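In what follows, a single structure is set out as structure tokens and then discussed.
The values are calculated or read from the model by the stated rules, or taken from the named source; none is laboratory data. Bear in mind that the values here come from a model prediction, so they are computed numbers and not experimental data. Note that each Cβ is placed from the backbone with ideal geometry, even for glycine, and that neighbours are counted across all protein chains shown. Heavy atoms of the whole protein, side chains included, go into the accessibility calculation; ligands, DNA and RNA do not. Shrake-Rupley method; radii C 1.70, N 1.55, O 1.52, S 1.80 Å.
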Amino acid sequence: MIDVLLQTLPFFAVIGLGYGAAVRGFFPPEATAYLTRFVFYFALSAMLFRFSANLGLSEVVSWPFIWAYAIGGGAVYLLATAVALFRKRGLEEAAVEAQCAVIGNTGFLGVPMLALLMGQEAVGPVMLVLAVDLFLFGSLIVILITGSRDGRISPAVLGTVGKGLITNPMIVSMALGFAWAASGWTLPEPFSRFLDLLAGASTPGALFAIGASLAAKSAERISVAAWLSFAKLILHPLAVGILAFLVFPVDTFSASVMIAAAGLPVAGNVYILAQHYGVAPQRVSAAILISTSASILTVSAILAWLSP
């Protein structure tokens, strides 16, 4: 545990550095927004394109893996929804809370950290987790909130979901990378070095941006945020682990990567969606703050447990 904690600590130290810079006013919110945009549209996209172009779609897609992660996450999603409805919070708030329980910071934290800590072999499974999060759970919140407000699921809602998917740079970069891999062409050396240079900025940039964004988060509704953090950091990896190890034939290493990815803290894009729809943004903000702080220990514990 201590050895793994020492390996993960530098990643969280960069997050802490970003948080400190923002709290001190050295890195204002406008700078955080532009750094996040740079990482999201350029650095992280270059990393995902490079990974997928060197892997190929056939090396990434595994239906037992997809079923284990989707059903395990779905079980936690339903539990979080049921708890919210039991508290009489309504479907819209239930959808936002359920999103907190299953959507981890895979893009900004999981891809760079797990690739370095678990090796390049972890890239394929992490990308598969990211794809399921984006396509399945990322679509659910839009469908549920919009459908709840309109009283029905209209074709316009599905169009909104589709537009959101095809304009997401992470999806676009992975799709282009897989298409390149399918062509059989090798990446030209200057282009490969360009991608390496740009992708190299994704890890420190993403971690710093996570920390800086936390400075603007509030810690209201602590009890609910603590429950959502527990669901995300403990129940989510536990559920997908049971499905991966005991139900579906997922190989041990891929299952380990899946569990580690499921144990990541609540993603920042959940707050963006909550704020966009005006549904419990302070609750999501607190869940992000608490889960990210607690993940220093929980992620290290999960990685230590999964280590040979």
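Would you be able to say whether some residue in the stretch 135-145 is in a helix (DSSP H, G or I) and within 12 Å of Ala262 (Cα to Cα)?
no
Go through Val224, Val266, Val279 for me and flag whichever is touching a Cys at 6+ places or on another chain (Cβ under 9 Å), open to solvent by less than 60 Å² (accessible area, probe 1.4 Å) and either touching a residue at least 24 places away in the same chain (Cβ under 8 Å) or of a type in the set (Gly, Ala, Ser) (or both). Give the steps one after another, and end with the answer.
On the way: Val224 fails: touching a Cys at 6+ places or on another chain (Cβ under 9 Å); Val279 fails: touching a Cys at 6+ places or on another chain (Cβ under 9 Å).
One residue alone meets the criteria, Val266.
Looking only at the stretch 20-39, decide whether some residue is farther than 28 Å from Leu297 by Cβ, in a helix (DSSP H, G or I) and among the hydroxyl-bearing types (Ser, Thr, Tyr).
yes
Counting just the residues of the stretch 149-180 that are modelled with pLDDT of 70 or more and open to solvent by 50 Å² or more (accessible area, probe 1.4 Å), which one comes out farthest from Glu97 (Cα to Cα)?
Out of the qualifying residues, it is Trp180.
Got a sec? Which helices (runs of 4 or more DSSP H) wholly within the stretch 45-119 have at least 2 residues that are among the hydroxyl-bearing types (Ser, Thr, Tyr) and either at pLDDT 85 or above or open to solvent by 10 Å² or more (accessible area, probe 1.4 Å) (or both)?
In the stretch 45-119, 63-86 are the helices (runs of 4 or more DSSP H) which contain 2 or more residues that are among the hydroxyl-bearing types (Ser, Thr, Tyr) and either at pLDDT 85 or above or open to solvent by 10 Å² or more (accessible area, probe 1.4 Å) (or both).
Tell me which of these Ser139 doesn't satisfy, since it passes every other one: (1) modelled with pLDDT under 85; (2) within 19 Å of Phe108 (Cβ to Cβ); (3) within 18 Å of the chain's Cα centre (by Cα).
That leaves (2) as the condition not met.
What are the residues in the stretch 290-304 that are surrounded by fewer than 24 Cβ atoms within 10 Å (Cβ to Cβ) and either in contact (Cβ under 8 Å) with a residue 60 or more places away in the chain or among the acidic types (Asp, Glu) (or both), if any?
Listed by number, the residues that qualify are Ile290, Ala294, Ile296, Leu297, Thr298, Ser300, Ala301, Leu303, Ala304.
Residue by residue, here is whether (1) closer than 22 Å to Pro10 by Cβ; (2) touching a residue at least 60 places away in the same chain (Cβ under 8 Å) holds:
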{"residue": "Ser173", "(1), (2)": "no, yes"}
{"residue": "Thr186", "(1), (2)": "no, no"}
{"residue": "Ser192", "(1), (2)": "no, yes"}
{"residue": "Leu214", "(1), (2)": "yes, yes"}
{"residue": "Leu246", "(1), (2)": "no, no"}
{"residue": "Val257", "(1), (2)": "yes, yes"}
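Considering Phe137, Phe108, which residue is more than 19 Å from Val240 (Cα to Cα) and among the aromatic types (Phe, Trp, Tyr)? Outline the logic, then answer.
Working: Phe137 fails: more than 19 Å from Val240 (Cα to Cα).
Only one candidate passes the filter, namely Phe108.
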